[in-house]
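Down below is the structure, laid out as structure tokens.
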Amino acid sequence: MNKTKIGIFLSLLLLIGLTSCGEQKSNSKLVLNEILINNQSNFQDDYGLHSAWIEIFNKSFGSTDLAACLLKVSNQPGDTVTYFIPKGDILTSVKPRQHALFWADGEPNRGTFHTSFKLNPKTANWIGLFDSGKKLLDQIVVPAGTLGPNQSYARVSDGATEWEVKSGSGDKYVTPSTNNKTLDSNAKKEKFEEHDANGIGMAISAMSVVFCGLILLFIAFKIVGKAAVNLSKRNAMKSKGIDKHEAKELSQAPGEVYAAISMALHEMQDEVHDVEETVLTITRVKRSYSPWSSKIYTLRETPSRK
Amino acid sequence: MGDFINFLGNNLADFWTYTGFANATVGHVVMILVGLVFIYLAVAKEFEPMLLIPIGFGILIGNIPFNMDAGLKVGIYEEGSVLNILYQGVTSGWYPPLIFLGIGAMTDFSALISNPKLMLIGAAAQFGIFGAYMIALAMGFDPMQAGAIGIIGGADGPTAIFLSSKLAPNLMGAIAVSAYSYMALVPVIQPPIMRLLTTKNERIIRMKPPRAVSHTEKVIFPIIGLLLTCFLVPSGLPLLGMLFFGNLLKESGVTRRLANTASGPLIDTITILLGLTVGASTQASEFLTFDSIKIFALGALSFVIATTSGVIFVKIFNLFLKKDNKINPLIGNAGVSAVPDSARISQVIGLEYDSTNYLLMHAMGPNVAGVIGSAVAAGILLGFLM
């Protein structure tokens, strides 16, 4: 019976595990983040030239290395150009939540961050990022005619799923090598300052969670405790060869019964008399001692001064 | 000859500008006196000597005046100095989880497992944190600073350091010293509140002796404890994870060497480094501010609120319990997780009113629940405010 229950429990666990695996989102750490194709007067490279650029964002909270990754571009089906990101350059390691910018200028000899391909402003551009094992990490198609000069196609914020055209006006400014959305305030702090200036909301919600956590533990250990007590009882009955009914009877026997049995045993073993000279009185003794009453627990140890 | 004497004179004058005497300020003297008071309390009064000796001496180290413009790399706030390197365990928050590992490896959760309802007292005492949070907001601190200050009420030094290093690093020195100071002063702060809030009849309530806890239950506790609390508050993982891991090392019975290391040499080493560097971080130029004074006042208040709420919660809880199952409200203070001092206070006060009523092990239940509760509360504050 128990084995069946354990089997069902394990199957359920497996099922839950498999289901949740199926729902997992892409866990690529590196994503394409912003692309500018027609660079007239935007960001300059280290040679002072205006070229198209591709920004990659490390959305994880650990450094990730781009070395040996592949950047691929295609302007038409079947025509794909690949740029192998060189190994051995420490700058290819992208710090947590930071960016790497590649110049799509067709000049790979100018350095690690200059690709072997160019982007074509007149056609659609498919750009793919692959890891060293040629597994696709991220891809994007910049449709033809979407971008004007100095406009970029970017995720709304770093790593977000939605893309938008950044025209450079208002809050839609082009952001090479920096956050797509500038965080110039502490949103959480401001939210608390605005809605919970006196802290009551925080106190109520946080205390609710603290109580929930400890109530969960309480319930769990109430159940575990009961199971453990039942188990130990069952084991004890098994070892003594008695059933539930007998155990109940035994547990209900008054102290006097045990005293009488002990006395009878004592008489049998040591002093067998027909007539007793003494009167036996039995008084229930309440033991106030427990291992906890040990004095070592009562106070801090007395300082020993020599 | 005259030039040589002149040279010697200039050298000595130059040397003088580097000495502590030339650079001493009133702030340094005040802080050195504070350090001496800590050492006095530890040695003469035996108030938490394991904490107050390193912190007190650390205050002396951190407040030796020196020429800060000389780039000697001796100060705790000078990058690359030895003290600065040791202090990184505090600023980057990895000392506290290691302390929790040791606490887990030396804590027996049996009292809590045998009587799980005592966990709720540990939860109630966390009102101290959020009471102090509200008062800190009213005093003009921003929510993140208020959260870091409030955690002093959790009475858990490592937790306070961990949280303040994340939420308000600039207040960490004052918060850490305040938390440890008040933990040392638990025997002074708690008894009057406990007496004030309880009647004589309540103080002599005898609690049922708890049942024996099986080995299996003790092994299951850290596993279930980790899963339940960290699924609810993942941001508490560094502290709770290490606490329960340490406990599993102890209770599994098969990793005795690891448990002994965690609960002995490791926690001792980290305690020395933590205490010393926290003390040294109270460099007068950084520490002696009006904010520090406010933090000390708030720290005292948070302990008072935590103790009060623990005791009152037990009294309310008793209204719903059967007559033979009542809880002695004197263990309510133990929800403040200063382990095991607040549990000892319950025992001492309980014995004052009934010399055969031993409350220590009963009080250990809420006491260790308080450790879990304060780590959970820290995780919540981190999750809400970061």
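The values are calculated or read from the model by the stated rules, or taken from the named source; none is laboratory data. Given the structure is predicted, the values throughout are model-derived calculations rather than measurements. FYI the Cβ positions are ideal-geometry reconstructions off the backbone, even for glycines, and counts take in every protein chain you see. Accessible surface areas use protein heavy atoms only, side chains included; no ligands, DNA or RNA. Shrake-Rupley method; radii C 1.70, N 1.55, O 1.52, S 1.80 Å.
Roughly how large, in nm² to one decimal, is the mean projection of the convex hull of the alpha-carbon atoms in the range B:190-342? Can you show the working numbers first?
Values: hull surface 51.0 nm².
Seen from a random direction, the Cα hull of the range B:190-342 projects 12.7 nm² on average.
Based on the Kirkwood radius over alpha-carbon pairs, what value in µm²/s does the Stokes-Einstein equation return for the translational diffusion coefficient of the range A:117-272 at 4 °C and 1.567 mPa s?
It comes out at roughly 52 µm²/s.
Using a 10 Å cut-off around each Cβ of peptide B:220-233, what is the average number of partner chain Cβ atoms that fall inside?
Other-chain Cβ atoms within 10 Å of each residue's Cβ, averaged: 4.
If you count, for every residue in A:221-233, the Cβ atoms of partner chains within 10 Å of its Cβ, what is the mean?
Average per residue, whole number: 5.
Enumerate by residue number the chymotrypsin sites (Phe, Trp or Tyr not before Pro) in the range B:302-382 meeting two conditions: DSSP loop (anything except H, G, I, E, B), and at most 15 other Cβ atoms within 10 Å of the site's Cβ.
Details: sites: B:PHE303, B:PHE313, B:PHE317, B:PHE320, B:TYR353, B:TYR358; in loops: B:PHE320, B:TYR358.
Hits after loop and neighbour filter: B:PHE320.
If the limit is 28 Å between Cα atoms, which of B:LYS117/B:LYS294; A:LYS122/A:LYS172; A:LYS134/A:LYS166; A:LYS181/B:LYS73 go over it?
Pairs exceeding the cut-off: B:LYS117/B:LYS294; A:LYS134/A:LYS166; A:LYS181/B:LYS73.
Give a residue-ordered list of calculated ³J(HN,Hα) values for the range B:210-218 (Karplus: 6.51 cos²θ - 1.76 cosθ + 1.60, θ = phi - 60°; whole Hz; x for Gly, Pro).
Couplings: x, 6, 6, 9, 6, 4, 4, 4, 5 Hz.
Mind checking which of A:PHE192, A:ILE204, A:ALA247 is farthest towards the positive end of the range A:186-258's charge dipole, using Cβ charges of +1 (Lys, Arg) and -1 (Asp, Glu) about the Cα centre?
Among A:PHE192, A:ILE204, A:ALA247, the one farthest towards the positive end of the dipole of the range A:186-258 is A:ALA247.
In the range B:7-87, what GluC sites (Glu not before Pro) fall in a loop by DSSP, with at most 13 other Cβ atoms inside 10 Å?
Answer by residue number: B:GLU79.
Out of all Cα-Cα pairs in the range B:88-385, roughly what percent, to the nearest whole number, are more than 31 Å apart?
25 percent
I want to verify the translational diffusion coefficient of the range B:73-174 in µm²/s; compute it with Stokes-Einstein, Rh as the Kirkwood radius over Cα pairs, at 10 °C and 1.306 mPa s.
It diffuses with D of about 103 µm²/s by this estimate.
Go through A:VAL142, A:SER132, A:ASN58 and say which Cα lies farthest out towards the positive end of the charge dipole of the range A:26-184; charges sit on Cβ, +1 for Lys and Arg, -1 for Asp and Glu.
Going by the charge dipole, the pick is A:SER132.
Of the heavy-atom accessible surface of the protein assembly as shown (probe 1.4 angstrom), what whole percent is carbon and sulfur?
62 percent
Residue-wise, which Karplus ³J(HN,Hα) couplings in Hz belong to the range B:356-366, taking 6.51 cos²θ - 1.76 cosθ + 1.60, θ = phi - 60°, and x for glycine or proline?
Karplus values, whole Hz, x for Gly and Pro: 10, 9, 9, 9, 3, 5, 5, 6, 5, x, x.
Taking beta carbons within 10 Å but only from partner chains, what does the mean come to for residues A:201-208? Intermediate values should be presented prior to the final figure.
Values: counts 1, 12, 8, 1, 3, 14, 10, 1.
Counting other chains' Cβ atoms within 10 Å and averaging over A:201-208 gives 6.
Using the C-alpha gyration tensor of the range A:186-258, what are the square roots of 5 times its eigenvalues, in whole angstrom, with the largest one first?
Calculated on Cα positions only, the semi-axes equal 55, 13, 6 Å.
Could you give P(r) for the range A:26-184, binned at 5 Å from zero, as whole percent values over all Cα-Cα pairs?
2, 10, 19, 24, 23, 15, 6, 1, 0
Using only DSSP helix segments of four residues or longer, with each worth -39500 (n - 2.57), what per-residue ellipticity at 222 nm results for the protein assembly as shown after dividing by its residue count and rounding to 500?
So the calculated ellipticity at 222 nm is -17000 deg cm²/dmol.
What do you get for chymotrypsin sites (Phe, Trp or Tyr not before Pro) in the range B:146-218 restricted to DSSP loop and a cutoff of at most 11 other Cβ within 10 Å of the site's Cβ?
Taking the range B:146-218 and a limit of 11 other Cβ atoms within 10 Å, no loop chymotrypsin sites (Phe, Trp or Tyr not before Pro) are found.
What ³J(HN,Hα) values, in whole Hz, does the Karplus curve 6.51 cos²θ - 1.76 cosθ + 1.60 give for the range A:30-39 when θ = phi - 60°, with x put for Gly and Pro?
Those phi angles translate into 9, 9, 6, 10, 7, 9, 10, 9, 10, 9 Hz.
Over the range A:54-100, what lengths in whole Å, largest first, do the semi-axes of the equivalent ellipsoid take, defined as the square roots of 5 times the eigenvalues of the alpha-carbon gyration tensor?
On the way: eigenvalues 115, 33, 9 Å².
Calculated on Cα positions only, the semi-axes equal 24, 13, 7 Å.
Any chance you could tell me what percent of the C-alpha pair distances in the range B:1-104 go past 17 Å?
Percent of Cα pairs beyond 17 Å in the range B:1-104: 68.
Report the far tail of the P(r) of the protein assembly as shown, meaning the percent of Cα-Cα pairs longer than 41 Å.
The calculated P(r) of the protein assembly as shown puts 49 percent of pairs beyond 41 Å.
Straight distance only, please: which lysines reach the Cα of A:LYS244 with their own Cα at less than 16 Å, same-chain residues fewer than 8 apart left out?
Excluding near neighbours in sequence, the set is A:LYS233.
Could you give the spread of the C-alpha atoms of the range A:114-185 along their three principal axes, from largest to smallest, in whole angstroms?
The Cα atoms of the range A:114-185 stretch 40, 30, 24 Å along the principal axes, largest first.
If you take the accessible area of B alone plus A alone and subtract the pair, what total do you get in square angstrom, rounded to 100, with a 1.4 Å probe?
4200 Å²
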